[in-house]
1. If you go through segment 223-230 one residue at a time, do you hit one that is touching an Asp or Glu at 6+ places or on another chain (Cβ under 6 Å) and part of a loop (DSSP other than H, G, I, E, B)?
2. Can you find even one residue in segment 208-225 that is farther than 10 Å from residue 309 by Cα, buried (at least 24 other Cβ atoms within 10 Å of the Cβ) and of a type in the set (Asp, Glu)?
3. Would you mind finding the one in 28, 54 that is assigned to a helix (DSSP H, G or I) and among the charged types (D, E, K, R)?
4. Mind listing whichever residues of segment 371-385 are of a type in the set (A, V, I, L, M) and either open to solvent by less than 10 Å² (accessible area, probe 1.4 Å) or part of a loop (DSSP other than H, G, I, E, B) (or both)?
5. Which ones in segment 424-444 are open to solvent by 20 Å² or more (accessible area, probe 1.4 Å), hydrophobic (A, V, I, L, M, F, W, C) and at pLDDT 95 or above?
6. Which of the residues spanning segment 1-48 are open to solvent by 50 Å² or more (accessible area, probe 1.4 Å) and within 16 Å of residue 117 (Cβ to Cβ)?
7. Report, by residue number, each residue of segment 157-178 that is free of Cβ contacts under 8 Å to residues at least 12 places away in the same chain and not in a helix (DSSP H, G or I).
8. Would you mind stating whether residue 409 is outside any strand (DSSP E or B), over 30 Å from residue 332 (Cα atoms) and in contact (Cβ under 8 Å) with a residue 24 or more places away in the chain?
Amino acid sequence: MTTTVYVPGDSTALALGAERVAAAIAREAAALGAEVRIVRNGSRGMFWLDPLVEVATPAGRVGYGPVRAGDVAGLFAAGFLTGGRHALALGPVADIPYLANQERLTFARVGITDPIDLDDYLAHDGYRGLKRALEMDSAAIVREVTDSGLRGRGGAAFPTGIKWKTVLDTEAPQKYIVCNADEGDSGTFSDRMIMEDDPYVLIEGMTIAGLAVGATQGYIYLRVEYPHARRALNEAIARARQAGYLGADVLGSGRCFELEVRIGAGAYICGEETALLESLEGRRGQIRFKPPLPAIKGLFGQPTVINNVISLASVPIVLDRGAAFYRDFGQGRSRGTLPLQIAGNVKHGGLVEKAFGVSLNELLYDFGGGTASGLPIRAVQVGGPLGAYMPAAHFDTAVDYEAFAARGAMLGHGGIVVFDETVDMARMARYAMEFCALESCGKCTPCRIGSTRGVEVLDKVIEGEERERHLALLEDLCETMTHASLCALGGLTPLPVRSAVKHFPEDFGTTRSDLAANVA
């Protein structure tokens, strides 16, 4: 009897030795004459347990982790192929609280299936959304997405259905679907995990988008630092095309959709949609003036849907289960689920998909387990390098776009970076300005020059040189960058700076009463 053993092939697990573990399992099985089938699944998102080895048993999949190559002989001796006891045994994987307490919709297959096995995808409800979409006209597909309440998961949170309807209603000889897979925010990895661990769900979502707006060509603009995602996507695209899910006649419907991967330019600014289009067209990644919007005049001057990976990967479940099913998750104007990524100084870093409404406290302590150092959490930055620094007093904030905005913060792509009480928030504010200076495309003066001057001013504050005067100058500079920059890079860089000064004034050598005169 052949036993199926799952060893993740996700890049996080590979970095932690998963390749050596898989090889050790194969060698030990051969030496013992045990019949073992090794499946390279995706990561479950519990990174502190990776490489997490799972064994298929009559009672379900049983986990062991974190496994190192040197542990393999002992696992076999303990009878792990039949779910035997061992110091690394975790019991049924589905029952681990970290997983059991999530609502996995977009990530329903991640860690469960073989990422590039199309039959495995189909066996786990894959392509059901596309098949339903093929029975609908374009306007009905757009209406379904609109009614679901799905908003862009890349940071701006713009309603996906409205963007799609704009493209649908714009007459043009050619339309495009562009997936922004240039995931560059600190502490984010959900896009990477989808592309490496369930690439077909992204392909399916993009195909549905093409049907919805009348686009026949799609491009995945992939971050250059993601070689494993590139291989998985290209293999999955080839298999999907061979099986008729892509091409000139999608599933015999007479409707066309082609898809290819394009590699990014290695610049943070290319995550901004218009700079991405410039790069995709072969030019330097610089911001375009708006209007016209990309939905009206985008790639090669044609109407273009631009969504990020999670937005597009959420579409298949909306079409499969219906708008009402998806909308029933979440709260207020924030509907559905969001894959949250917990990183930094945290005990249990990883991915958590929850319905909107969960609090930061729950994520940081119930899932994250507090800091890895054991010291109190002093601050978290949510939303990437342009996100606000939030103090412990704000950890009751619900994961909700409007709730974050009310606190002067942004949810962004759902990345959460944790800092303990040893962090110097003045230096973190300086880092935000330095990041902007390094990554600016250079097109507008407030971003290009303002960030450089911001670093200089913060250096004077840190050195104690006329602190109050320089803090006032810093606030004036932040105001200019916020309102005069061409795009979000310059416009949002003041957010982490201002939040650090506001919530942690002691790190800037001032007090809250002094601060009132300087910071709005």
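The values are calculated or read from the model by the stated rules, or taken from the named source; none is laboratory data. Remember, predicted model here, so these are calculated numbers, not experimental data. Counting neighbours? That spans all protein chains shown, and the Cβs are built from the backbone with ideal geometry, glycine included. In case anyone asks, the SASA skips ligands and DNA or RNA and just uses the protein heavy atoms, side chains included. Shrake-Rupley method; radii C 1.70, N 1.55, O 1.52, S 1.80 Å.
1. Checking segment 223-230: at least one residue is touching an Asp or Glu at 6+ places or on another chain (Cβ under 6 Å) and part of a loop (DSSP other than H, G, I, E, B).
2. Among the residues of segment 208-225, not one is farther than 10 Å from residue 309 by Cα, buried (at least 24 other Cβ atoms within 10 Å of the Cβ) and of a type in the set (Asp, Glu), which makes the answer no.
3. When all the criteria are applied, what remains is 28.
4. 372, 375, 379, 380, 382
5. Residue satisfying the conditions is 428 alone.
6. Passing the criteria: 37, 38, 40.
7. Scanning segment 157-178 gives 158, 171.
8. When the stated conditions are applied, residue 409 does not pass them.
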